[in-house]
1. At 7 Å along Cα-to-Cβ for each site, give me the label-to-label distance between ASP245 and ARG295 in nm.
2. What's the exposure ranking of CYS99, CYS182, CYS94, CYS74, going from fewest to most Cβ atoms within 10 Å?
3. Using a Gaussian network model of the chain with C-alpha springs under 10 Å, which one of ASN308, ASN139, ASN79 is most mobile by mean-square fluctuation?
4. Could you check the simple spin-label distance between THR371 and ASP44, using points 7 Å along Cα→Cβ, in nm with one decimal?
5. Got a sec to turn the phi values of region 130-136 into Karplus ³J(HN,Hα) couplings, 6.51 cos²θ - 1.76 cosθ + 1.60 with θ = phi - 60°, whole Hz, x for Gly and Pro?
6. Place a +1 charge on the Cβ of each Lys and Arg in the chain and a -1 charge on the Cβ of each Asp and Glu, then give the dipole magnitude about the Cα centre in debye, rounded to the nearest 20.
7. Kindly write out, for region 161-168 in residue order, the coupling ³J(HN,Hα) from the Karplus curve 6.51 cos²θ - 1.76 cosθ + 1.60 (θ = phi - 60°), rounded to whole Hz, with x marking Gly and Pro.
8. Compare PHE86, PHE73, PHE31 in a GNM of the chain, Cα atoms joined below 10 Å, and give the one with the largest fluctuation.
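Computed from the coordinates by the stated procedures, all read-outs in this text should not be read as laboratory data. Note that the coordinates shown come from a computational prediction; the quantities given were computed from them, not determined experimentally. Positions of Cβ are backbone-derived with ideal geometry, glycine not excepted, and every protein chain shown enters the neighbour counts.
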Amino acid sequence: MTALENSRDPDPNNNKTIYSAVVLAVIGPIFFLLQPIYAGALADTLGFNAQEIGWLIGAEISGTAIASVSAFFCIRRLNWRAVVLFGLAAQAICNLASCFVTGYLELLMLRLVTAVLGMGPIYIVAVAMLSATERTGRNFSLVVFGQMTLAIAGMAIVPQFIPDYGLAALFVPVAVIGILACGVARYIPQQAAVRLEQSIPDYARENSAPAIGVLWIQGFWYLGIAGVWTFIERIGVGQGIPAIDVSGALAIGMAVGLAGAISSGYLIERFGRLLPFTVGMVFQVVAIALLFEGRGYTGFLLVICLYNVMWNISIPPIFELMAAADGQGRFAVILPTAQAVALLVGAIMGGILVHDYGLMAVLVSGILFTTVALLLFAGISIRLDRSV
């Protein structure tokens, strides 16, 4: 029998299936990962103002959220391989078409369609596949590492071609990457992969409360992240560091953060999900607190590196917790929506706080939301472990 035929009885822990899902999970949120250069290209190439760029990026995020919420109701009934192939084809067509659209409203609608039909379904199926695996934390650690590597490479390479090729320098490579990714589709199961029954805690089998709680954890955490990360550049400049040096520190911090991404999976398998998440969140709070006072370029760089490492360490444990909490196998696909909504609301709320109380206000809110997320995580994780 061929690999395609064998996929009728899907094994979520098959290595080829896992690595295929990792590839898709890295590709899916690519425009969010490259958002800074995407926004800059929209301004420099098409002359869009800040408000127009905000709505365009919001359309990308909203499209993924729409696909995510839709998947909640039908993810277990869909042919996953067909969804992936359709999504890869749709994103390729829409991204190539975006190269020839210059009107604002037309591009806005096209980017929304790209997310709803293309990038969103690709990412959601990948999340569902990886959430059904036994080594969820390790597998999502690979995803975070791949996403950060792609973001760093994209930010280093793509801006060099934007002056000559405009937005095509971004849209065409993404379309090509999607087309090449069709090669892994043969390892995507047709039927929905499900987590082994014995690996689901009793508390989560017929109870959606723990899975909903994980969504709140994701939401609170990214409310804090959004405020801090949106204004981190302004905070550095406000401490007397030149803007170009702040940007360099942020880039270095992202690269150093890869250490957190790749080590998180090992830490989860060695110590369980609670300890790595606790360490990551506590030291995020420490890093945020250190930003209250100016420490010069070197101090700022070290704080940014610490924050990025701990941020990346904390991502896989949330997916690991959702895999245990999601006894119905449906809520994991909403995690991207919880993150997207929190990022949007957090950025808006951060702007209001900065306007009314100054930059330090987003640091206070970042500490509070991070602490709330940690306490919720600890409570749900301990309750699930006791019910195994």
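1. Modelled inter-label distance: 1.5 nm.
2. Lowest to highest Cβ neighbour count: CYS74, CYS182, CYS99, CYS94.
3. ASN79
4. 4.2
5. Each residue's phi maps through the Karplus curve to give 6, 5, 8, 7, 6, 9, 4 Hz.
6. In total the dipole reaches around 700 debye.
7. Coupling constants for region 161-168: 9, 4, x, 8, 10, x, 5, 4 Hz.
8. PHE73
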